[in-house]
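The structure appears right after this line, and notes come after that.
The values are calculated or read from the model by the stated rules, or taken from the named source; none is laboratory data. Remember, it's a predicted structure, so these values are computed and weren't measured experimentally. No Cβ is skipped: glycine too gets one built from the backbone with ideal geometry, and neighbour counts run over all protein chains shown. Quick note on the areas: whole protein, heavy atoms, side chains included, nothing else; ligands and nucleic acids left out. Shrake-Rupley method; radii C 1.70, N 1.55, O 1.52, S 1.80 Å.
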Amino acid sequence: VQLQASGGGLVQAGGSLRLSCTTSGRTSSSYVVGWFRQAPGEEREFVAGISRTGRTTRYADSVKGRFTIAKDNAKSTVSLQMNSLKPEDTAVYYCAGDTSLITVSTMYNDYSDWGQGTLVTVSS
């Protein structure tokens, strides 16, 4: 099973980006999916997550009200809409999935399948 993240890039502070995570091998309805990010020299941190059905979402406090996660199980895609971006949002963003989770976890060790990461750079 593979996950592939895309959509990163360079944007000015206050701008928006939309990341996509596509699953192959299994439909996204089999997964709890999380987005994590890692800045240079920092620990990998939870950003947002969504349940298998897409009805339950969870966000880090630092992105609440600015980021929105959504799932399209028909297309096996999970998106992360990022608005009002700040320089501190600069990081490599990873999508991760797990078929055993019952609910969204904020712990990266709970996710077994990972995409390759996509770089988001927010300039001030």
One finds, for Gln81 and Met107 with R0 = 22 angstrom and r their Cβ-Cβ distance, a FRET efficiency to the nearest 0.05 of 0.40
Relative to the Cα centre, what is the charge dipole magnitude of the chain, using +1 at the beta carbon of each Lys and Arg, -1 at the beta carbon of each Asp and Glu, and rounding to the nearest 20 debye?
-> 440 debye
Kirkwood hydrodynamic radius of the chain, from inverse mean 1/r over distinct Cα pairs, in Å = 14.1 Å
What's the extension gain from Thr68 to Leu119 if we count 0.36 nm per residue and subtract their Cα-Cα distance?
-> 16.6 nm
Relative to the Cα centre, what is the charge dipole magnitude of the range 1-52, using +1 at the beta carbon of each Lys and Arg, -1 at the beta carbon of each Asp and Glu, and rounding to the nearest 20 debye?
-> 240 debye
On the accessible surface of the chain, probed at 1.4 Å with all protein chains in place, carbon and sulfur together account for a percent value of 45 percent
Mean accessible area per residue over the chain (1.4 angstrom probe, all protein chains present, square angstrom) is 50 Å²
Taking the mean number of other Cβ atoms within 10 Å as a proxy for protection, how do you rank 17-29, 52-64 from highest to lowest?
-> 17-29, 52-64
